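Asker: Take this structure first; my questions come after.
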Amino acid sequence: MTQLIYNEKSELLDDLAAFILKIGNEAIQERGRFNFVLTGGNSPKALYESLATTHRAALDWDKVYFFLGDERYVDPEDSQYNGLMVKNSIIEPLGVRADQVFYVNTRLPHAEAAADYKERIFAHFNGDLPIFDLILLGMGDEAHTASLFPYTTILNADEADVQSVYVEKLTTYRVSFSAPLINLARNIAFLVFGSSKAEAVKAVIEPLTKNPTLYPAQLIEPVSGNVTWFLDKEAAAMLTD
Ligand code: 6PG
C-alpha cells in the first residue's frame, strides 16, 4: 500500500492524472486496451475534466473502456446519477464511442440492473474473471467505498459480483461491485479529500481493529495488485506514519 499526501489539491490531481495515464499507456501497450473503472461522488469531477482536456493527447482514448464501480439507483437523467457526471465531465468531452462506456441501466428493476451490468462486464472480459487495469475509488466519512456501506448485505459477498444493495441510511438502492471483484484489479487508487474523512482514513489505513462491517473500505485488499491512496493533508491528518 502506498500513501501519497498533498498540501495542494491541484498537485494531487496532477499526480493522479499522471498515474492514470501511465497505467493506461502500459495496459494498452501490453494488452491492447485499458479497462478503467471510474468512481462517482464529487471528488473526481475536476480530475475527469482535466483528463479530457489538459491530458487529452497523452493517451489513445479509442482503446479505453470506461466503467463505474457503483451507481445510484436513480433515473439516468437525475443529477445524482454517477453516469451523468461521468458523461458530462469526461465521456462527451472526449467523444468516445458508445461501446466504450458501460453505464448501469437504472431503468430496469434494481436487481435486474445489477445482473445486466454484471453480464455486460463479464462479456467484455470474454467470460473470464474481470481483472480491471485500474479502479478508482472514493470514500465516505463512515468509510464506505463504491456502494459498500456499513452493515449492508453486499459486505458478505464472497465472489466477484455486481449486486443491488439497499442502503438503509439513504433509503435507496445502489448497484455496486462487490469487494472481491474490486480486489481482482491490477491497480486500485483511492481519491480522498477533506477533514471529514480523516477518521475513516485512519480506520482503514492504520486500523486498531479490523471491522469491515463498520469500516467497509477495510475490505479492499487486492489479490495481487496495488493500492495507492491519494490524500490531501486534511484527510491524512490523523495518520501517524
Ligand atoms: C457514490 C460513490 C461513493 C463515493 C464516496 C465519496 O456514488 O457516491 O461512488 O463511494 O465515492 O461517497 O464521495 P465524495 O467524493 O462525494 O465525498
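Asker: Are there strands (runs of 3 or more DSSP E) fully within the range 95-182 with at least 1 residues that are under 23 Å from Glu77 (Cβ atoms) and within 15 Å of the ligand (Cβ to nearest atom)? List them.
Answerer: 162-167, 172-177
Asker: Tally up the residues in the range 23-49 that are closer than 23 Å to Gly138 by Cβ and more than 16 Å from the ligand (Cβ to nearest atom), please.
Answerer: Residues meeting the conditions: 5.
Asker: With the requirement that a residue be basic (Lys, Arg) and within 16 Å of the ligand (Cβ to nearest atom), what does the range 54-87 give you?
Answerer: Arg72, Lys87
Asker: Checking the condition surrounded by 15 or more Cβ atoms within 10 Å (Cβ to Cβ), closer than 29 Å to Tyr173 by Cβ, acidic (Asp, Glu) and free of Cβ contacts under 8 Å to residues at least 24 places away in the same chain, which residue from Asp70, Asp116, Asp99 passes?
Answerer: Within the list Asp70, Asp116, Asp99, the selection yields Asp116.
Every number in this text was worked out from the coordinates using simple rules, so none of it is lab data. A quick note: this is a predicted structure, and the numbers were derived from the prediction, not measured. All Cβ positions, even for glycine, are placed from backbone atoms using ideal geometry, and neighbour counts span all protein chains on display.
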